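This report concerns only the one structure given below.
The values are calculated or read from the model by the stated rules, or taken from the named source; none is laboratory data. What you see is a predicted model, and the numbers here were worked out from it, not measured in a lab. Ideal geometry is used to build each Cβ from the backbone, glycine not excepted, and the neighbour counts take in all protein chains shown. Heavy atoms of the whole protein, side chains included, go into the accessibility calculation; ligands, DNA and RNA do not. Shrake-Rupley method; radii C 1.70, N 1.55, O 1.52, S 1.80 Å.
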Amino acid sequence: MKRILILPIDDRPCHTDFILEATRNIRDVQIDMVPKSYLGHFTHAGDTLAIRKYLLDHCVQADTFVISIDALLFGGLVQSRTMDTTKTQEDYEVLLQTLRDVKYSNPNIKILAYSVIVRLTTTVTDSSQLQIWEDLFEYSQLVH
């Protein structure tokens, strides 16, 4: 039986429930997904250290690893588009090292990593960021 370890970008149904539903009738495939409680939810980042630990604990049994780099490094889609100043360069290096550590633990695993292309505008999560969004939008219009 093939085992696929998945780190989705966040906890939305299109990244979790739909994948599980779409694959539940495929014979000889078992899906192991990072628990939703570890994943990001809109403006709340996922627990990147818990995600890292989960991946390292479960990668040995997997044949394929499908990973959202945005979830691993930033904790989710929205967080990958904001300026989080709580993490240091070393924090990001440790999280990115997860890929090497997975491959070291399971040299035969196939790693399929993906990342979302950052859009020009920012994600506005409160009124203080609205002016930044408006300035970026106006700038992009003037440059084009």
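Structural remarks
- Longest DSSP-loop-exposure-free segment, trypsin sites (Lys or Arg not before Pro), the chain, at most 15 other Cβ within 10 Å: 28-118
- Each Lys or Arg adds one and each Asp or Glu takes one away; over the other residues whose Cβ falls under 11 Å from the Cβ of residue 30, this sums to +1.
- Size of charge dipole - region 1-60 - debye, nearest 20, with Cβ of Lys, Arg +1 and Asp, Glu -1, no other charges: 160
- Region 25-103 shape via C-alpha gyration tensor axes, a/c threshold 1.5: oblate
- In a reduced charge model with +1 at each Lys and Arg Cβ and -1 at each Asp and Glu Cβ, region 57-115 shows a dipole moment near 180 debye about its Cα centre.
- Only helical runs count toward this figure. For the chain, summing -39,500 (n - 2.57) over DSSP H runs of n ≥ 4 and dividing by all residues gives -12000 deg cm²/dmol at 222 nm.
- Local electrostatic count at residue 61 - Lys and Arg +1, Asp and Glu -1, tallied over other residues with Cβ under 13 Å: -1
- Extension gain for the segment residue 64 to residue 23, taken as residue separation times 0.36 nm less the Cα-Cα distance, is 13.3 nm to one decimal.
- Exposure ranking of 37, 105, 140 by accessible area [1.4 Å probe, largest first]: 37, 105, 140
- Theoretical gain in end-to-end length, residue 82 to residue 135 [0.36 nm per residue, Cα-Cα removed]: 17.5 nm
- Under-5 Å amide H pairs with residue 29, H placed in peptide plane, nonlocal only: 2
- DSSP assigns beta bridges within the chain; of those with both partners inside it, close to 5 percent run antiparallel.
- Order of exposure, largest accessible area first, which applies to 102, 94 with probe 1.4 Å: 94, 102
- Carbon and sulfur %, accessible surface of region 40-116 computed with the full protein complex present, 1.4 Å: 57
- Cα-based shape type of the chain, given that a ≥ b ≥ c are square roots of the gyration tensor eigenvalues and the cut on a/c is 1.5: prolate
- When only the Cβ of Lys, Arg, Asp and Glu is charged (+1, +1, -1, -1), the dipole of the chain relative to its Cα centre reaches about 660 debye.
- Rolling a 1.4 Å probe across the protein heavy atoms gives the chain an accessible surface of 64 Å² per residue.
- Charge sum, other residues only, whose C-beta stays under 11 Å from residue 98's C-beta, Lys/Arg counted +1 and Asp/Glu -1: +2
- Separation in nanometres of the label points that stand 7 Å from Cα toward Cβ, at residue 91 and residue 125: 1.2
- Which of 6, 31 is most accessible, then next, and so on - probe 1.4 Å: 31, 6
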